[in-house]
1. Identify the residues of the range 283-305 with backbone N under 16 Å of a label point that sits 7 angstrom from the Cα of E313 along the Cα-to-Cβ direction, or state none.
2. Using 0.36 nm per residue, how much length does the chain from N116 to L134 gain when fully extended, once their Cα-Cα distance is taken away?
3. If I ignore ligands, DNA and RNA and count only protein heavy atoms, how much of S214 is accessible to a 1.4 Å probe, in Å² to the nearest 10?
4. Considering only the other residues whose Cβ falls under 13 Å of the Cβ of E298, what net charge follows from Lys and Arg at +1 and Asp and Glu at -1?
5. Give me the accessible area of S149, 1.4 Å probe, in Å² rounded to the nearest 10.
6. Quote the FRET efficiency, to the nearest 0.05, computed for L141 versus D293 with a Förster distance R0 of 22 Å and r equal to the Cβ-Cβ distance.
7. Quick check: with the 1.4 Å probe, what order do Y265, Y128, Y106 take by accessible area, largest first?
8. Find how many whole Å separate the alpha carbon centroid of the range 132-182 from the alpha carbon centroid of the range 35-90.
Amino acid sequence: MKTALFLLTFYLISVFPASASENSHTEETNTAHIADLYSDLESFDITLYSDQPENNLSLEVLLVRSMGTNEKILDKQVLPIDNIPANKQVTKVGFWNVGNSERGAYKLKARLLEGNKAFSEAKYNFAYGTNSALRLQVNDLVANSQGISVALSPKEASLFDIEYMLVNGSDVVYTTKSEKLSLTSAPDVFSAPWGTLLENNKEYTGRVKIYVYSPEREIISSAEQFTARDNAEITDIYKDETGASATVYGRSQVPFEGSLVFSVYKLNTNSEKGNNSLVESVQQKVPVLLNDDDETVEVAWSHKLPEGIYRLEIELLGNDGDAIEHRETVIESDLSQNSSISPVNNTTSETEASGENGTPGFSAATLVSGLSVIYILFRSKV
């Protein structure tokens, strides 16, 4: 009995510490953390990283006004973090709701939460309205369905990087970076196309972060919202009495799935444009286009257009059937002048058979017959 009790006590002592050690080790292996963060009074971004997949987290962010030893919370946001893939950075972007901006010191505070438990915290201090002049100034920013462009002017010669971001809600869905750019004295425009597909009629935000590294590190950010739209244009037209074609050029990262409508009207020179009679109308789908793609769409009329002058209208319709572009031109047909000529002529004329300068009515058959008669006469005399 004593031996059995001793063995049970020894077993419990050996098992419980091992179990506690395993639980402690599991908590320590949660390596999701805030890797980087930035803020000004307009927007902020926070980069998260983990070496193992994490799900169902949240990110609490505070904008704090620092006044000596006191702090005043100006804005608070909680962003859901659905997942953080292993060994991949995830960046979240948010925009502050601040009224009148006052000069002074500010602070971004961020906490990565699992439920109510914070396992990563970070802060970023910045100032607004100080006397220190930035070396670069953002003059203008344009973001649309094609990409993003920013106009910069230098206070002095500068080398810098620009990070371009496409933001959907609080998620950065596309980013690209241009490095070792320079400005000496004149302003310039820097651009980047979106390298991802956009959804038609959806709201996005284009954002830039500009990094100036020397003599001290400066970061400038700017953002603009836009609605993604399908867009394209007609760049070239060909037409005659047999048909027409139009080349369509894509101008959006929203896949263009529109169509072209070709309409031919008989042009009555003595009447108003609206009284011209419709001869034929053909609608043709345009192959799917993205930004900088082009395709040529061809149509053939059901019959050749008789002699006369016609007005050709070409309308480019978008994904929702909306008219994007309208073009007009004329078709001049002289078909009746050629109507007596057979489309396929297998008859060889006598002139062609005898050569270009041959004698009219003198054919090879006539020549052979004449030679035969001369030969018979010559033999009879011999």
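1. Only 283-284 fall inside the zone, counting backbone N under 16 Å.
2. Taking 0.36 nm per residue and subtracting the Cα distance, the gain is 2.5 nm.
3. We get 70 Å² for S214.
4. Neighbour charge sum, excluding E298 itself: -1.
5. Spelled out: S149, probe radius 1.4 Å, area about 40 Å².
6. Efficiency computed from Cβ-Cβ geometry: 0.25.
7. Ranked from most to least accessible, the order is Y128, Y265, Y106.
8. Going from one Cα centre to the other spans 22 Å.
The values are calculated or read from the model by the stated rules, or taken from the named source; none is laboratory data. Remember, predicted model here, so these are calculated numbers, not experimental data. A quick note on method: Cβ atoms are made from the backbone with ideal geometry, for glycine too, and the neighbour counts reach across all protein chains shown. We work out accessible area using only protein heavy atoms, side chains counted, and drop any ligands, DNA or RNA first. Shrake-Rupley method; radii C 1.70, N 1.55, O 1.52, S 1.80 Å.
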